[in-house]
1. Say we look at segment 184-240 and pick out the residues that are more than 20 Å from the chain's Cα centre (by Cα) and among the basic types (Lys, Arg); which of these is surrounded by the fewest Cβ atoms within 10 Å (Cβ to Cβ)?
2. Quick check on this structure: which one of 90, 40, 33 is modelled with pLDDT of 95 or more, touching a strand residue (DSSP E or B) at 6+ places or on another chain (Cβ under 6 Å), closer than 15 Å to residue 336 by Cβ and small (Gly, Ala, Ser)?
3. Looking at segment 202-230, which of the residues that are touching a residue at least 60 places away in the same chain (Cβ under 8 Å) and in a loop (DSSP other than H, G, I, E, B) is farthest from residue 176 (Cα to Cα)?
4. In contact with a His (Cβ under 9 Å, 6 or more places away or on another chain) and modelled with pLDDT of 95 or more, is that true of residue 237?
5. Looking at 67, 4, 9, 72, which is the one that is aliphatic (A, V, I, L, M), more than 18 Å from residue 152 (Cβ to Cβ) and touching a helix residue (DSSP H, G or I) at 6+ places or on another chain (Cβ under 6 Å)?
6. Give the number of residues within segment 275-310 that are surrounded by 13 or more Cβ atoms within 10 Å (Cβ to Cβ) and out of contact with any Pro (no Cβ under 7 Å at 6 or more places or on another chain).
7. Can you tell me how many residues within segment 172-210 are of a type in the set (A, V, I, L, M) and modelled with pLDDT of 95 or more?
8. Taking segment 1-48, which residues are in a loop (DSSP other than H, G, I, E, B) and within 18 Å of residue 90 (Cα to Cα)?
Amino acid sequence: MNSVKTAIVGASGYSGEELVRLLLHHPHAELTAVTSRQYAGKTLAEIFPKYAAHPVARELKFEEPDVNSLAVKADIIFLALPHGVAAEYASGLMEKGKRVIDLSADFRLNHADVYREFYGKEHPAPDLLARAVYGLPEVYHAAIEGAELVASPGCYPTSILLPTIPLIKAGLIKPTSIIADSMSGVSGAGRKTEVPYLFVECNESVRPYGVPKHRHLSEIEQELSIAAGRDITIQFIPHLIPINRGILTTLYLAPDKFFESESELEQLNARIGDALNEAYADEPFVRILTDGALPDTKNVVGTNYIDIAWRLDIRTGRLIVMSVEDNIMKGASGQAIQSYNLMCGCDQTAGLV
């Protein structure tokens, strides 16, 4: 297939930088434009010396973000911008017939009133919400292929939704019982110089935040509600931990039927394994761990994989499900490239393995 002309708006943040890395080496992408007001006029190689050996990085310069210029240079545009800002560019680019993959939260929600509730402002482009596809490839594969606007999911939602959606659809858990406890590396906060995210403030410390109503709850509950066919509310507590990258999520779930004996535990255990393996048998980036293995962030950092494991606790009657992912890859840029591959008609793994 021919190379697809591709641009990144907001290419100097953590997600933007990761998109640069992935697209420079993507077999079917031609990176034709990168924007950053801060670095306009400088080459990619000047700002990201690690890519200096790549000929495109030595030549391609950051430019001011301009819809007209981007529409001429690219057919698919990634928006690695803060929420509230991305919608402005998405509207202009789509008016010019361009396809957009947005890594912000602007188009993840189906209803503008929910956006207002969780983000504290009116939605900047409510007319586009119905045209957006939630960019979780393992769930919305077909819709992403033909999408003009993909809303790439948040990092925490990915770590929660992929383990739980198959269990809800299989009727194996009570959807109203979900408690999610997540821990994320500091890069999840973005590349910014706010005091809470300085090295001295984060190192040797762990802290919860966004309690009890983190913004990502909105898209988590939306997608779980769609899977369950009824409104779902969950408990979700995120924590900041002193590592650069990675998310570990532990889910505390109530099985649909209480198990009291070893035989009942074995039967339920088999059904859980069947549900997860059936859901993701053909998905290249979901790994269901076996043989007693437990998720470990070191095994996914720098990759687009999510690792999932589970345990049944006969003492408490609970199902414990655990997942790990790289918050910048499967939780952001890698997953966005996965959607890009589907939109371009190439293999999901292109540029990612």
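The values are calculated or read from the model by the stated rules, or taken from the named source; none is laboratory data. Small disclaimer: the values here were computed from a predicted structure and weren't measured. All Cβ positions, even for glycine, are placed from backbone atoms using ideal geometry, and neighbour counts span all protein chains on display.
1. Of segment 184-240, the ones more than 20 Å from the chain's Cα centre (by Cα) are 193-208, 211-212, 228-233.
Narrowing the set further to residues that are among the basic types (Lys, Arg) leaves 207, 230.
Working: 207: 12, 230: 10.
Looking at residues that are more than 20 Å from the chain's Cα centre (by Cα) and among the basic types (Lys, Arg), I get 230.
2. Numbers: 40 fails: closer than 15 Å to residue 336 by Cβ; 33 fails: closer than 15 Å to residue 336 by Cβ.
Result: 90 is the single residue among 90, 40, 33 that is modelled with pLDDT of 95 or more, touching a strand residue (DSSP E or B) at 6+ places or on another chain (Cβ under 6 Å), closer than 15 Å to residue 336 by Cβ and small (Gly, Ala, Ser).
3. So the first thing to find is which residues in segment 202-230 are touching a residue at least 60 places away in the same chain (Cβ under 8 Å), and the list is 213, 215-220, 222-224, 227-228.
Going one step further and asking which of them are in a loop (DSSP other than H, G, I, E, B), we end up with 213, 215-216.
Working: 213: 16, 215: 19, 216: 17 Å.
My answer is 215.
4. Criteria met by residue 237.
5. Of 67, 4, 9, 72, the one residue that is aliphatic (A, V, I, L, M), more than 18 Å from residue 152 (Cβ to Cβ) and touching a helix residue (DSSP H, G or I) at 6+ places or on another chain (Cβ under 6 Å) is 67.
6. Residues that pass the stated criteria total 20.
7. Result for segment 172-210: 6.
8. In the first step, residues of segment 1-48 are kept if they are in a loop (DSSP other than H, G, I, E, B); the result is 1-3, 10-13, 25-28, 36-42, 48.
Once the filter is applied, which keeps residues that are in a loop (DSSP other than H, G, I, E, B) and within 18 Å of residue 90 (Cα to Cα), segment 1-48 yields 10, 11, 36, 37.
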